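A short reminder: the numbers here are calculations on the coordinates, not readings from a lab. Treat the numbers as computed from the prediction; the structure is a model and nothing was measured. Heads up, the Cβs are rebuilt from the backbone with ideal geometry, glycines too, and the neighbour counts pull from every protein chain shown.
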Amino acid sequence: MNHESRILDPVPVHAANPGPMTGAGNWTWLLRGRVPTLIDAGTGEPAHLDSLERALEGATLDQMLLTHAHTDHASGAPALRQRMPALRFRKMLWPERDAKWPVPWDAIADGEVIEAGDTFLRAIHTPGHAPDHLCFWHEETRSLFCGDLALAGSSVWIPVSLQGDLGQYLASLERVLALGPARMYPAHGPIIEEPVMLLRRYLQHRREREEQVVDALSHGDHDPTTIVARIYEDLRESLRPLAHESVLANLIKLEREGRVSRDGERWMLSPGR
Ligand SMILES: [Zn+2]
């Protein structure tokens with residue numbers, strides 16, 4: 001790689017999709033240069049496509065790299081294809097989900113090095129929030145396009161009903177922490193300038209939450225609803241379903257580890273634990 005390959009100057013292009021599930025909406029990231037590349041597709045809002053074209057300054061977008069196939073990241077793929085027919089669509093495949101966005105998806109493998117902009121990115125498989133979740137790593141600047149792995153000021157939702165997996169998510173956080181990132185570009189919220197601190201805080205928070213769930217089980221709570229009532233104080237009604245799913249993600253992780261078992265809807269600590 002020559003000196004030019006060290007340059008990384010991503011342009012944020014807002015997806016113009018604010019809403020209850022996305023907050024202020026999603027960021028997509030444009031890398032201009034030899035291989036014009038967009039990270040994430042947005043949701044197909046015309047305002048997003050217009051901003052993207054302006055940011056391209058007359059260049060032709062070569063490829064879109066997808067962090068994962070959740071709606072707010074992927075559903076804009078068909079609209080992008082309509083406006084830019086030669087565009088390549090690349091992601092780690094999740095066939096039953098990818099079929100929702102009918103474009104020709106090309107597979108990205110874990111560890112694959114991809115030319116993007118004037119440089120190269122490495123795909124890092126980081127499942128947990130979604131089974132197909134990829135981060136894109138720029139070694140020279142220790143920068144990571146982190147998708148929904150992390151966001152400043154909040155924790156990440158693990159949707160167990162959509163193949164979310166807390167155990168995998170924690171392993172993904174450890175994997176990214178081991179890279180020693182200096183900066184992370186998320187899909188929601190501001191650029192993360194102290195990612196190591198944030199990742200450590202995330203891991204600590206999840207450990208504490210797990211201890212609370214184990215503690216609740218040991219005090220005779222046996223289902224997610226009563227566990228939520230014990231460990232989340234002053235929970236807004238609208239956040240109750242998310243808290244419920246978060247506790248369920250914890251219980252499933254503990255079950256896989258043999259620390260918890262269930263009998264129908266009744267959860268309990270495994271004997272001898
Ligand atoms: Zn997501």
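For region 1-64, what value does the Rg/Rh ratio take when both radii are computed over Cα atoms and Rh is the Kirkwood radius, given to two decimals?
Values: Rg = 12.9 Å, Rh = 12.5 Å.
Rg/Rh: 1.03.
What's the whole-number percent of alpha carbon pairs in the chain lying beyond 34 angstrom? Walk me through the numbers before you get to the answer.
Details: 8583 of 37128 pairs.
Looking at the chain, the distances longer than 34 Å represent 23 percent of pairs.
Taking Cα atoms, how many degrees apart are the long axis of helix 166-179 and the longest axis of the chain, rounded to 10 and kept between 0 and 90?
50
For region 180-240, state the semi-axes of the equivalent ellipsoid (square roots of 5 times the eigenvalues of the alpha-carbon gyration tensor), sorted largest first and rounded to whole angstrom. Could the numbers behind the result be given before it?
Numbers: eigenvalues 191, 47, 10 Å².
For region 180-240, the ellipsoid semi-axes come out as 31, 15, 7 Å.
Compute, for the chain, the length of the dipole vector about the Cα centre, with Cβ point charges of +1 (Lys, Arg) and -1 (Asp, Glu) only. Units Debye, rounded to 20.
Working: 29 positive and 38 negative charges, 35 e Å.
In debye, rounded to 20, the chain gives about 160.
Starting from the Cα coordinates of region 1-140, work out the convex hull volume and express it per residue in Å³. Let's see the in-between values first.
Working: hull volume 14.9 nm³, N = 140.
Per residue, the Cα convex hull of region 1-140 comes to 106 Å³.
Pro127: net charge of surrounding residues, Cβ under 11 Å, Lys/Arg +1, Asp/Glu -1, itself excluded? Each step should come with its number before you reach the end.
Numbers: positive: Arg175; negative: Asp110, Asp132, Asp165.
Net of charged neighbours comes to -2.
Which of the trypsin sites (Lys or Arg not before Pro) found in region 57-124 are loop residues per DSSP with 16 or fewer other Cβ atoms within 10 Å of their Cβ?
Listed in order of number, the matching sites are Lys100.
Calculate for the chain the 222 nm mean residue ellipticity that helices alone would give, adding -39,500 (n - 2.57) per DSSP H run of length 4 or more and normalising by residue count, nearest 500 deg cm²/dmol. Could the numbers behind the result be given before it?
Working: 8 runs with 89 residues, N = 273.
Rounded to the nearest 500, it is -10000 deg cm²/dmol.
May I ask for the Kirkwood hydrodynamic radius of region 65-207, worked out over all distinct Cα pairs and given in angstroms to one decimal?
The answer is 15.5 Å.
I need the P(r) histogram for region 148-273: all alpha carbon pairs, bin width 5 Å from 0 out to the longest distance, whole percents.
Computed distribution, short to long bins: 2, 10, 20, 21, 19, 14, 8, 5, 2, 0.
Measure nothing fancy, just the Cα-based angle from helix 240-256's long axis to the longest principal axis of the chain, in degrees from 0 to 90, nearest 10.
The helix 240-256 is inclined about 80 degrees to the chain.
With angles folded into 0 to 90 degrees, how steeply does helix 46-56 sit against the dominant principal axis of the chain? Use alpha carbons for both and round to 10.
The answer is roughly 50 degrees.
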